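Working notes for the structure below.
Values quoted throughout were computed directly from the atomic coordinates according to the rules given, and no laboratory measurement underlies them. Because the structure is a prediction, the values reported are computed rather than measured. Counting neighbours? That spans all protein chains shown, and the Cβs are built from the backbone with ideal geometry, glycine included.
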Amino acid sequence: MRVLLDTTYLLPLIGVEAESVSRDILAPLKKEGHTPVISEISVFELLAKGSKLAAKAVVPSERVSLAIQSLYKDKSINRVSLKNPSVAGYTIELRPHHSDTVDCVITASALAEAESILTEDKTLLNANTQLRRAIRKIKPNLKITPSAHLPKHK
């Protein structure tokens, strides 16, 4: 299964702990036979967060640089480009239902190129919202789960 990871799951790569998120989500995901997918906007978001923390000497700048490079070197991770026309179209459809455009791009990336999205985004996880209805209209079977409910490979 192609599983898109929200940016939260990439933060440990730069040394940032995220509450209730495993330090290494990629290894168990791959071990279960899933294909990790990330949006290009998540790479940008990771760089933005990492460079801000590096400027404050909270994390080493080398670690941030290596994390970004590793996301491009690891051929087992698929990246969703913003050049994909579905990503822009879906982002525009979702934006009226979510206040964060970056989160809309990440969700649109999952809609375009994954069967599942791992996220801790409370708005996205809430099944009774206009956002979820808009997602179901586009892709009824997209699985939206927190990492605690990582889908198992069949």
- Task: Among Gly50, Ile92, Thr145, flag the residue with its Cα farthest along the positive direction of the charge dipole of region 2-149, charges on Cβ as +1 for Lys/Arg and -1 for Asp/Glu.
- Result: Ile92
- Query: Just from its helices, what would the mean residue ellipticity at 222 nm be for the chain, if runs of 4 or more DSSP H residues each count -39500 (n - 2.57) and the sum is divided by every residue, rounded to the nearest 500 deg cm²/dmol?
  - Reply: -13500 deg cm²/dmol
- Note on the structure: Within the chain, excluding any GluC sites (Glu not before Pro) found in a DSSP loop (not H, G, I, E or B) and having at most 11 other Cβ atoms within 10 Å, the longest uninterrupted segment runs 20-154
- Item | Relative contact order for the chain, counting Cα pairs under 8 Å that sit 6 or more residues apart, in percent | 28 percent
- Calculated from backbone phi, Karplus (6.51, -1.76, 1.60) coupling profile of region 137-146 in Hz, x at Gly/Pro: 5, 7, 9, x, 9, 5, 7, 10, 9, x
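Which of the trypsin sites (Lys or Arg not before Pro) across region 53-126 are loop residues per DSSP, with 10 or fewer other Cβ within 10 Å?
When the trypsin sites (Lys or Arg not before Pro) of region 53-126 are filtered for loop state and at most 10 Cβ neighbours within 10 Å, Lys56, Lys75, Lys83 remain.
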- Fewest to most Cβ atoms within 10 Å: Leu82, Leu118, Leu11 sort as Leu82, Leu11, Leu118
- Item | Computed Rg/Rh of the chain, alpha carbon atoms with Kirkwood Rh | 0.95
- Mind putting a number on the dipole of region 2-149 about its Cα centre? Charges go on the C-beta only, +1 for Lys and Arg and -1 for Asp and Glu, and I need it in Debye to the nearest 20. 260 debye
- Using the Karplus equation 6.51 cos²θ - 1.76 cosθ + 1.60 (θ = phi - 60°), what ³J(HN,Hα) coupling, rounded to whole Hz, does each residue of region 7-17 give in order, writing x for Gly and Pro? 4, 3, 7, 8, 4, x, 4, 9, x, 9, 7
